[in-house]
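Working notes, beginning with the structure itself.
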Amino acid sequence: MIEPSIRLRRAIHAGDALLVKRILKSHPSLLHNPDVSPVGLSNSNMHLAASLGHKEVCQVLLDAGHEDPCPALNENHQTALMLASGAGHTEVVHLLCEKDSGCILRRDIRGRDAVMEASGGGHDTILQLLLTYVPGGPYEAVQRADSEGNTALHFASGNGNLLGLRTLLAAGADVERRNMWNWTPVAYSATVQAEVYLKGLVSEVGRLQQQQQKRKQSIEPVKKMAVGSVRVVTSDEDERYEVS
């Protein structure tokens, strides 16, 4: 007879949410069920379901309390959200962000978070989802770096993720940021096209900033001219206010 833990993993692989629910009802102790095989990294049921993109199975596990009180971690300190972000499973990422947006900022043993995983995987839609839900706002999220000093922009550039480059720059990513090897994101461009595209985006952002600055400077004198002064004019019979 097949062990319940193995049957549960097979059900997750098959994406059979109803079978997963039945097995957990009979064997509640298998809720996390870490993979103890040599290459399993102690991945839990949620890690497996998220990495495969099975949203319904993930929902069953969430309802059973899999991620309470905190997200499960594997041997590399990765969350299920990190695996789903790197694999490009948009629906699962959305589900997990709705459950616990604070999980976005968790780091693995390399110092990487879900935003970096999505950037490195070339998944722009997921990247936008994460930057929408991330606590503290997108600007702070794109400034974060891993243990080697690489930001999300480094990973997006190295992957050649053109849409991701635009998303990260729009969020305020620093194109001049250097990692511990003194390399900027542009230096990691996967292709000549990605390098040219990134440099073009940087020029575009700089031009827009200059235009905004000029517009602001041209508006300020107009505001000053529009402000009048008030003085009191007195006479023997009355007092009136004259605006000049």
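Only one item in [x] 37, 21, 18; [y] 39, 18, 16; [z] 52, 26, 14 matches semi-axes √(5λ) of the Cα gyration tensor in Å derived from the coordinates shown, and that item is [z]. In plain terms, if you count all Cα to Cα distances in segment 87-216 and split them into 10 Å steps from zero, the share in each step is 13, 44, 31, 10, 1 percent. Shown in residue order for segment 68-82 are the 3J(HN,Hα) couplings computed by the Karplus curve 6.51 cos²θ - 1.76 cosθ + 1.60 at θ = phi - 60°: 9, x, 8, x, 6, 10, 8, 5, 8, 6, 8, 8, 5, 4, 4 Hz (x for Gly and Pro).
222 nm [θ] for the chain, helices only, -39500 (n - 2.57) per DSSP H run of 4+, per residue, to 500? Rounded to the nearest 500, the figure is -16500 deg cm²/dmol. Largest mean-square fluctuation among His66, His27, His123, in a Gaussian network model of the chain whose springs join Cα atoms under 10 Å apart, belongs to His27.
Protection proxy ranking of 196-202, 154-160, 57-63, by the mean of other Cβ atoms within 10 Å over each peptide's residues and highest first, is 154-160, 57-63, 196-202. Legend: calculated FRET efficiency, His27 to Glu140, from the Cβ-Cβ distance at R0 = 35 Å, rounded to 0.05, equals 0.25.
Phi angles across segment 19-25 convert, under the Karplus curve 6.51 cos²θ - 1.76 cosθ + 1.60 with θ = phi - 60°, into 3J(HN,Hα) values of 5, 4, 5, 5, 5, 5, 5 Hz, Gly and Pro given as x. For segment 165-173, backbone phi angles converted through the Karplus equation (6.51, -1.76, 1.60; θ = phi - 60°) give residue-by-residue couplings of 4, 5, 4, 5, 5, 5, 7, x, 4 Hz, Gly and Pro being listed as x. Considering only Leu153, Leu81, Leu48, the Gaussian network model of the chain with Cα springs below 10 Å gives its largest mean-square fluctuation to Leu48.
Taking 0.36 nm per residue of separation and subtracting the Cα-Cα distance, full extension of the segment from Glu91 to Gln212 would add 39.8 nm.
Extension gain, Leu163 to Val192: 0.36 nm times the residue separation minus the Cα-Cα distance gives 8.9 nm. Seen against the Cα atoms of the chain and their longest principal axis, helix 192-226 is set at about 30 degrees. Remark: the Cα gyration tensor places segment 1-75 in the rounded category, a/c being less than 1.5. Non-local lysine pairs in the chain, meaning eight or more places apart or on different chains, with alpha-carbon distances under 29 Å, amount to 10.
Each reported figure results from applying straightforward, stated rules to the coordinates on display, with no laboratory input. Bear in mind that the values here come from a model prediction, so they are computed numbers and not experimental data. Note: ideal-geometry Cβ built from the backbone for every residue, glycine included; neighbour counts use all protein chains shown.
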